[in-house]
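Chemist: Would you mind keeping the following structure in view while I ask a few things?
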Amino acid sequence: HVNHNEEAVVSTQSTGKESENKFVVWCTGRMGCEGIKIEIKLLRRQDLISLISQLFKPQSDTITITTYMAPEDMDSVVLAIMPKKGLKRLQQEVQDLAHFATERKIESYDLPSTLGLLVEFTEVANELLTTPVCRTITENIDVFDSIHFSDYYTGFKISQEGQVETERPKPMKRLIFNFVIPGHGKKTKNTIMTSTEPLLRMALHMMSRVHKFKLSKEKKMKAEKHRIQVEEEYLKQTHVQRQEAAQARRDEKKRQEKEKVQDLDPDAQRRYEEKEYKKNMRRSGPKVKQLKVKTG
């Protein structure tokens, strides 16, 4: 339930089962956000292959909380805390982290050295990573996986070569919390589930802090400049990609035509080549307007 003291106005909840091991809860009614989606992803316990795989590579049930912030509910904030092991890879793959965030010393905030911190401005980390927040993460490190706050969330970069991004993903304001249910799926006792409560309360607390947080005037101007630069770079990149894709289509068409001509008899090939020659001459020749002159 997302209601919290005076911040609650109207609350609705909707629970759905997306698959045999994934459940989703949608919540509304909290001031400062449009809604919250809670995803509970359980380990596959219904087939033998998954059970055997779990013996060799233990994994855990997970909880992901995604907060949908309205445009007016969140300032320019990009911040992520996640395991240091995969920090560099995610920074390269997640677009907003690649564009805006830089790595900062995690020790400055009394957080475990196994974690890494990415943030656009230090004042964002100083304001949001308070002593109670850092203490909660540290004391529940076996439950904590990652958090990712962004006013410019557009997902992952396109990784496949030759694939062109035809439509710009609309930047969204999101707060994403990823938590782990301890026990590697072996136990689901109430004591195990209650171990997630401190971080769930922290998530609600941080939603309120982000909602109230305002950048300084100087950093706000820098943030707006960064986002304009990203938009301009995107337009340049997609223009080049569209040109390359168009050229690739033209080359493919020529290749297909060449293969088609090779299947023709010699006379047909000669007629085709003469036709192409005349067409190219018309294209390359100077364009002259014909003027009609009346006589008499």
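The values are calculated or read from the model by the stated rules, or taken from the named source; none is laboratory data. In this text the structure is predicted, and so the values were computed from the model without any measurement. Ideal geometry is used to build each Cβ from the backbone, glycine not excepted, and the neighbour counts take in all protein chains shown.
Chemist: Can you tell me which residues in the stretch 103-159 are of a type in the set (A, V, I, L, M, F, W, C) and under 18 Å from Ser195 (Cβ atoms)? If you could, list the steps in order and put the result at the bottom.
Modeler: To start, the set of residues in the stretch 103-159 that are of a type in the set (A, V, I, L, M, F, W, C) comprises 106, 111, 115, 117-119, 121, 124-125, 128-129, 133-134, 137, 141, 143-144, 147, 149, 156, 158.
Hits for the stretch 103-159 are Val133, Ile137, Ile141, Val143, Phe144, Ile147.
Per-residue answers, yes or no, for (1) surrounded by 14 or more Cβ atoms within 10 Å (Cβ to Cβ); (2) among the β-branched types (Val, Ile, Thr); (3) in a helix (DSSP H, G or I):
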site	(1), (2), (3)
Met207	yes, no, yes
Lys214	no, no, no
Lys219	yes, no, yes
Ala223	yes, no, yes
Ile228	no, yes, yes
Tyr234	yes, no, yes
Thr238	yes, yes, yes
Gln241	yes, no, yes
Glu244	no, no, yes
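Chemist: Would you list the strands (runs of 3 or more DSSP E) that sit entirely within the stretch 8-96 and hold 1 or more residues that are at pLDDT 80 or above, surrounded by 14 or more Cβ atoms within 10 Å (Cβ to Cβ) and under 19 Å from the mean Cα position of the chain (by Cα)?
Modeler: Details: elements: 8-19, 22-30, 35-41, 61-68, 78-83.
Strands (runs of 3 or more DSSP E) meeting the threshold: 35-41, 61-68, 78-83.
Chemist: Here's another thing I want to ask about it. For the stretch 102-118, which residues satisfy the criterion of being assigned to a loop (DSSP other than H, G, I, E, B) and under 17 Å from Val78 (Cβ atoms)? Let's see the steps before the verdict.
Modeler: Step one: list which residues in the stretch 102-118 are assigned to a loop (DSSP other than H, G, I, E, B), which gives 105, 110-114.
If the condition is that a residue be assigned to a loop (DSSP other than H, G, I, E, B) and under 17 Å from Val78 (Cβ atoms), then no residue fits.
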